[in-house]
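Peer 1: Dropping a structure here in structure tokens format, bear with me for questions.
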Amino acid sequence: MAQYLISVWHDDDYSDEMDFDDPDLQRRHGQVLALNEEMEKAGAWVFGGGLQPTSSATVVKASGGDVSMTDGPYAETKEQMGGFWVIEAPDFDAALEWAGKAAVACEETLELRPFQGE
Amino acid sequence: MSDLDAVFRRESGRCLATLIRVLGDVDLAEDAVAEAFTIAAERWPVDGAPSNPGAWIVTTARNRAIDRIRRESTRTERHLAAHHLRGTDAMTSDESPDRRDLDAFVDVVADDQLRLMFLCCHPAIAVDAQVALTLRLLGGLETPEIARAFLVPEATMAQRIVRAKRKLRDNHASYRVPRAAELPDRLDAVLAAISLTFTEGHTATSGAELVRVDLSAEAIRLGRVLVDLMPDEPEAVGLLALMLLTDARRPARTATDGSMIRLSDQDRTLWDRAVIVEGHDLVRACLRRDRPGPFQLQAAIAAVHADAPTAEATDWSQIVALYDQLSTVRPDAVVALNRAVAVAELQGPAAGLVALDALGDGPEADSLDGFQPFHATRADLLARAGRGPEARSAYDRAIELTTNSAERAFLEERRTATAPRPR
């Protein structure tokens, strides 16, 4: 078994106040919960979750022994990571299958990457 | 070509395919096969070539690889554990091909080749890298040869291949034939890679040709391997037929000065009849299965052209019907354009123009303005319909969009021919 990161990417255009009553968001939320359950049953689930908007992000840097912090996301790009799964799968094709299901469930573009081996 | 070279061209892909399964690692298998061929180059001239050269190479490569793994056990064990391709046999599996097991050996080898084809053409790999990997691992071509064939710097090609191999390894890609449910998509990728290889070889112009590997021949060879392995896939048969029927025209395609001769102007006595017959048989065999797909239909169109002793004798009604079918399975601008040309041959240039203009009003209208073949075709049909001024402005647009100098010269000549003659 190998571990993979499925990250969810989208335009970070949502406001600081997310409207959780939005029926579109609720529908996708329901789809994701159902997928999470399916992953757990199949033994593929390791961890996953959605992130707060990038307005909540802090960049932390270490140079020498000094640590400094600044406001804002690290990458100043329109596309930002909005959430992720860590899954366990027997091989690449199985991981791609989970990624496909995840893309359908959250209706966003995903990136699949393997973790380095132990 | 020496005997050993011939064996290498024929067997290296098959041997490598098996060694990847046995060893579970592409790079390790490549090294082992290369080493086995080096040993063969020393021994065969002295001891004589073995009766089954492929089996000899596989056994020798495996033994050498195992020796090496034992010698370097601690380092290599870690290496293998990290890089092992999933779903492969244990390394201890004895594939020793003695005479009794030869049939079983051949079956396993056939599966290995399929596994390797699907691995090389994994859809998560960029298409140009799929093609390069296929030529490298299955075709046994050296990286510099592939780089020259695609006119890219050697370092670029080397990086493309290394990256693709690494991506498959890092992602724990399995060495297996896709399940039935995945097969259509995965097979499409394999067919596309072979087809792209053929097209690249087919459109290669002269000059650098001497140093270019014959990609068309390599694509046809891979196409034959695929048909051998998957005889029940009509699109695989269709692709092979299409490549053969296209390649049969090769001797008639270029003039002595290297310029290209259009299908309608080719000397058909130069077409390779034996190859056409083989292509025809394949077209008939796959169409009988009644699961038509884009490659089969294109092959059928090529077969109708090949049937005609002269351009005038072409059965255009059959070609239009085949294009109608093709445009339902592959609705793109190129197919629509070729259909309009066939309509013009069948019903005259005015009818062809109606078909073209319908395309211009369709959903792809926006991208058509920058599509050179659209304007070149339109110009030709307008000229034949006697609409000189419109033809000339269409030629102007086509010439503007043409980068190839030979083609530009051809279009300029055609444009001049439509100009009103001075009295």
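Peer 1: Note the angle between two axes, namely the Cα long axis of helix B:215-229 and the longest principal axis of the Cα atoms of chain B, as a number of degrees from 0 to 90, rounded to the nearest 10.
Peer 2: 60
Peer 1: While we're here: Once ligands and nucleic acids are excluded and a 1.4 Å probe is used, how much of B:Ile261 is accessible, expressed in Å² to the nearest 10?
Peer 2: Accessible surface of B:Ile261 is approximately 50 Å².
Peer 1: Another question, if that's okay. Which order, highest average first, do B:390-396, B:366-372 follow once you tally other Cβ atoms within 10 Å for each residue and take the mean per peptide?
Peer 2: Packing order, densest peptide first, comes out as B:390-396, B:366-372.
Peer 1: Would you work out if region A:1-77 is rounded, prolate or oblate? Take a ≥ b ≥ c from the square roots of the eigenvalues of the alpha-carbon gyration tensor; rounded if a/c is under 1.5, else prolate when a/b is larger than b/c, oblate otherwise.
Peer 2: Oblate shape, in that a/c is at least 1.5 and b/c is the bigger or equal ratio.
Peer 1: Before I look further, what does region B:268-406 give for accessible area per residue, probe 1.4 Å, in whole square angstrom?
Peer 2: Heavy-atom SASA per residue in region B:268-406 reads 49 Å².
Peer 1: Right, something else. Once both labels are modelled 7 Å past Cα along the beta-carbon direction, what's the B:Arg268-B:Thr416 spacing in nm?
Peer 2: 3.1
Peer 1: Per the Kirkwood treatment, what hydrodynamic radius in Å, one decimal, follows for the protein assembly as shown from the mean inverse distance over all distinct Cα pairs?
Peer 2: 27.5
Peer 1: Just to make sure I understand: if all protein chains stay in place, what is the order of B:Val225, B:Val127 by accessible area at 1.4 Å, largest first?
Peer 2: B:Val127, B:Val225
Peer 1: Let's test the formula: R0 of 35 Å, r as the Cβ-Cβ distance of A:Glu79 and B:Glu182. What FRET efficiency results, to the nearest 0.05?
Peer 2: After rounding, the FRET efficiency stands at 0.75.
Peer 1: To the nearest 500 deg cm²/dmol, what mean residue ellipticity at 222 nm is calculated for chain B from DSSP H runs of n ≥ 4 alone, each contributing -39,500 (n - 2.57), summed and divided by the residues?
Peer 2: Value at 222 nm, helices only, nearest 500: -22000 deg cm²/dmol.
Peer 1: Compute, for B:Met157, the solvent-accessible surface of its heavy atoms (probe 1.4 Å) with the complete set of protein chains present, and express it in square angstrom to the nearest 10.
Peer 2: Taking all protein chains as shown, B:Met157 has close to 0 Å².
Peer 1: Run the quick spin-label model on B:Gln318 and B:Asp332: label points 7 Å from Cα toward the beta carbon, then report their separation in nm to one decimal.
Peer 2: Rounded to a tenth, the inter-label distance reads 2.6 nm.
Peer 1: To continue, here is another question. Using a 7 Å offset from the Cα along the Cα-to-Cβ direction at both B:Arg289 and B:Val152, what is the distance between the two label points in nm, to one decimal?
Peer 2: Using points 7 Å along Cα→Cβ, the separation is 3.1 nm.
Peer 1: Continuing with this model, one more query. With all protein chains present, how much of the accessible area of chain B (probe radius 1.4 Å) comes from carbon and sulfur, to the nearest whole percent?
Peer 2: Its accessible area is 52 percent carbon and sulfur atoms.
Peer 1: If packing is taken as the mean number of other Cβ atoms within 10 Å per residue, what is the order of B:373-382, A:31-40, highest first?
Peer 2: With the highest mean Cβ count within 10 Å placed first, the list reads B:373-382, A:31-40.
Peer 1: Still on this model: Using alpha carbon coordinates only, what is the Rg to Rh ratio of chain B, with Rh defined as the Kirkwood radius?
Peer 2: In chain B, Rg relative to Rh is 1.04.
Peer 1: Measuring from centroid to centroid over Cα atoms, what is the spacing of region A:14-69 and region B:12-57 in Å?
Peer 2: First find each Cα centre; the distance between them is then 51 Å.
Peer 1: In terms of solvent-accessible area of protein heavy atoms at a 1.4 angstrom probe, what is the ranking of B:Tyr323, A:Tyr4, highest value first?
Peer 2: B:Tyr323, A:Tyr4
Peer 1: Out of B:Pro294, B:Pro349, B:Pro153, any idea which swings most in a Gaussian network model of chain B, alpha carbons joined below 10 Å?
Peer 2: B:Pro153
Peer 1: P(r) for region B:274-338, please, calculated from all Cα pair distances in 10 Å bins and given in %.
Peer 2: Per 10 Å bin, starting at 0, the Cα pair percentages come out as 21, 51, 27, 1.
Peer 1: Tell me the total accessible area that A and B bury against each other, 1.4 angstrom probe, in square angstrom rounded to 100.
Peer 2: Roughly 900 Å² of accessible surface disappears when A and B pair.
Peer 1: Go through A:93-101, B:182-190 and give me the packing order, highest mean Cβ count within 10 Å leading.
Peer 2: A:93-101, B:182-190
Peer 1: For region A:73-113, state which residues have at least 10 Å² less accessible area in the presence of all protein chains than in their chain by itself, taking the probe as 1.4 Å and leaving out ligands, DNA and RNA.
Peer 2: The answer is A:Pro90, A:Asp91, A:Phe92, A:Asp93, A:Leu96, A:Glu97 - residues whose exposure falls by at least 10 Å² when every protein chain is included.
Peer 1: Turning to a different aspect of this structure: Please list, short to long, the whole-number percent of alpha-carbon pairs of region B:259-374 in consecutive 10 angstrom bins beginning at zero.
Peer 2: Distribution as computed: 13, 39, 35, 13, 0 percent.
Peer 1: Then there is this: For A:Val104 and A:Asp22, what is the calculated FRET efficiency with R₀ set at 22 Å and r taken between the beta-carbons, to the nearest 0.05?
Peer 2: 0.70
Peer 1: Compare B:Val275, B:Val58 by solvent-accessible area with a 1.4 Å probe and give them largest first, with all protein chains kept in place.
Peer 2: Accessible-area ranking of B:Val275, B:Val58, largest first: B:Val275, B:Val58.
Peer 1: Go through region B:128-172 and flag every residue whose accessible area shrinks by 50 Å² or more with all protein chains in place compared to the isolated chain (probe 1.4 Å).
Peer 2: B:Asn171, B:His172
The values are calculated or read from the model by the stated rules, or taken from the named source; none is laboratory data. Just so we're clear, the structure is a prediction, and the values are computed from it rather than from any experiment. Please note: Cβ atoms are built from the backbone with ideal geometry, for glycine as well, and neighbour counts cover all protein chains shown. Quick note on the areas: whole protein, heavy atoms, side chains included, nothing else; ligands and nucleic acids left out. Shrake-Rupley method; radii C 1.70, N 1.55, O 1.52, S 1.80 Å.
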